[in-house]
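Colleague: Okay, handing you the structure first.
What follows is calculated from the coordinates using simple rules that are stated; it is not laboratory data. Computed from a prediction, not measured in an experiment: that's the story for all the values here. FYI the Cβ positions are ideal-geometry reconstructions off the backbone, even for glycines, and counts take in every protein chain you see.
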Amino acid sequence: MDEKKVVLLEGDGIGPEVTKAVVHIFEQAKAGIEWLPAEAGAQAVESQGSPLPDSTVDTIREVGLALKGPITTGIAKGFRSVNVQIRQALDLFANVRPIRSLPEVKTRYDNVDLIIIRENTEGLYSGLEHEITPGVVTSIKVSTEKACTRIGEFAFSLAQKQGRRKVTGVHKANIMKLSDGLALDCYRAAAAKHPEIEYDERIIDAMAMSLVLDPCEFDVLVMENLYGDIISDLCAGLIGGLGLAPSANIGADCAVFEAVHGSAPDIAGQGVANPTALLLSAVEMLHHIGNSECADRITSALHKTLASEKTRTRDLGGKLSTMDFAKELVARLDG
Ligand code: NAI
């Protein structure tokens, strides 16, 4: 069988550690992937003088698939987020973030199963910020009918394909009457085309509280960029932390898979990061390309590995290093 080409971006901070672990697991599982390394982030600045060289974007566009480690973005200074630039440059308009309880990881709730659909190309991530006069700045939130319609329809069609019962539109249209109002109009239009799927709406602040009190009430959530960013981390906390939450950036012709988490500078270089979030993102990629047999084999080994505290990483109460966790998982692969 021909190997499937996938661009590999190691990323910054814990990125190289978790990508190495995932590549090891995929190789041992004979996942049939040919990795094509490309540069972005600190590594690219050093070797090519740019955090996101055009050649990297072109390669992903050509190949159509990438697995990406997290990339650091300076706070209140430095270059624009490379993560946001990749999503915008490749028009990866839907960020799909499944949030599922892992039976082996005990948390307050044991049956969370929801999917966050985050609009990935506009909102307050437009990059349009101006200093009007010293001490006065504006950040422009962009909301277009095209992008809101596209994400609304994506949410309903994903709900339908995956046999989901409900889509919730999350917004703040009581305050941002025009931008979030437009988004709601578009979600409602998509809902009208899918009468078989229930549709309701929540204001983002009340949504945050409801998720903490009873996440099992929710199914598919659709929302604009910033809300999706924040709610994703909240939901990752509900299932055991950022070490466990995967995501996929989906466009019409390209898909880039990455963990929800960032480069975790506080633990970078220590070899203690949990590679599960990136591994589950890569597993989503296998489903995406139709290799569900291998995806299921890796997922089953992951469950077996997480079952004992002795074979977990530090964030889940274990002592294993990132790579030792990967090796324990490989030892539990069937076939
Ligand atoms: P973060 O997600 O990197 O870390 C938050 C906390 O979660 C830290 O305590 C970290 O140690 C922990 N954590 C994250 N991933 C983990 C893992 N796999 N295993 C164990 N613990 C883990 O968020 P933070 O610190 O706010 O951001 C750091 C940098 O990452 C920033 O420059 C930010 O812009 C960037 N970032 C990049 C993203 C991307 O590449 N898609 C997404 C989010 C943040």
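Colleague: Based on the Cβ-Cβ distance of THR144 and ARG165, what FRET efficiency does E = 1/(1 + (r/R0)^6) give at R0 = 25 Å, to the nearest 0.05?
Modeller: It comes to 0.30.
Colleague: Could you tell me, in Å, what Rg and Dmax come out for the Cα atoms of the range 16-61?
Modeller: Here Rg and the maximum Cα pair distance are 12.8, 36 Å.
Colleague: Once label points are set 7 Å from the Cα along Cα→Cβ at both VAL212 and ASP266, what is their separation, rounded to one decimal in nm?
Modeller: Placing both labels 7 Å beyond Cα along the Cβ direction yields 1.8 nm.
Colleague: Sticking with this one: Bin width 10 Å, origin at 0, all Cα-Cα pairs of the range 176-335: what percent of pairs per bin?
Modeller: For the range 176-335, the binned pair fractions read 9, 30, 34, 19, 8, 0 percent.
Colleague: Let me make sure I get this right: for the range 1-80, a, b and c are the square roots of the gyration tensor eigenvalues over alpha carbons, sorted descending. Under 1.5 in a/c it's rounded, otherwise prolate if a/b > b/c, else oblate. Which is it?
Modeller: The shape class here is oblate.
Colleague: Relative contact order of the range 71-222, please, whole-number percent, based on alpha carbon pairs below 8 angstrom and at least 6 residues apart.
Modeller: Value for the range 71-222: 23 percent.
Colleague: May I pose another question? Taking 20 °C and 1.002 mPa s as the conditions, I'd like the Stokes-Einstein D for the range 29-157 in µm²/s, using the Kirkwood hydrodynamic radius from alpha carbon pairs.
Modeller: Here the translational diffusion coefficient equals 120 µm²/s.
Colleague: Evaluate Rg over Rh across the range 109-212, taking Cα atoms for both radii and Kirkwood's formula for Rh.
Modeller: Using only Cα positions, Rg/Rh for the range 109-212 is 1.04.
Colleague: Another question, if that's okay. If a cysteine in the chain has no other Cys Cβ under 4.7 Å from its own Cβ, put it on the list, ordered by number.
Modeller: So far as the 4.7 Å Cβ criterion goes, CYS216, CYS235, CYS254, CYS294 stand without a partner in the chain.
Colleague: Would you list, by chain and number, the lysines whose Cα falls below 18 Å from the Cα of LYS304, excluding same-chain residues fewer than 8 positions away?
Modeller: LYS106, LYS319, LYS327
Colleague: For ARG100 and ASP58, what does the FRET efficiency come to when R0 = 51 Å and r is the distance between their Cβ atoms, rounded to the nearest 0.05?
Modeller: With a Förster radius of 51 Å, E is 0.90.
Colleague: Taking amide H positions as placed in the peptide plane 1.01 Å from N, state which residues far from PHE257 in sequence (5 or more) or on other chains have amide H under 5 Å from it.
Modeller: ALA66, LEU67, LYS68, ASN249
Colleague: Diagonalise the Cα gyration tensor of the chain and give the resulting equivalent ellipsoid semi-axes, square root of 5 times each eigenvalue, largest first, whole Å.
Modeller: Ellipsoid semi-axes (Å, largest first): 31, 25, 20.
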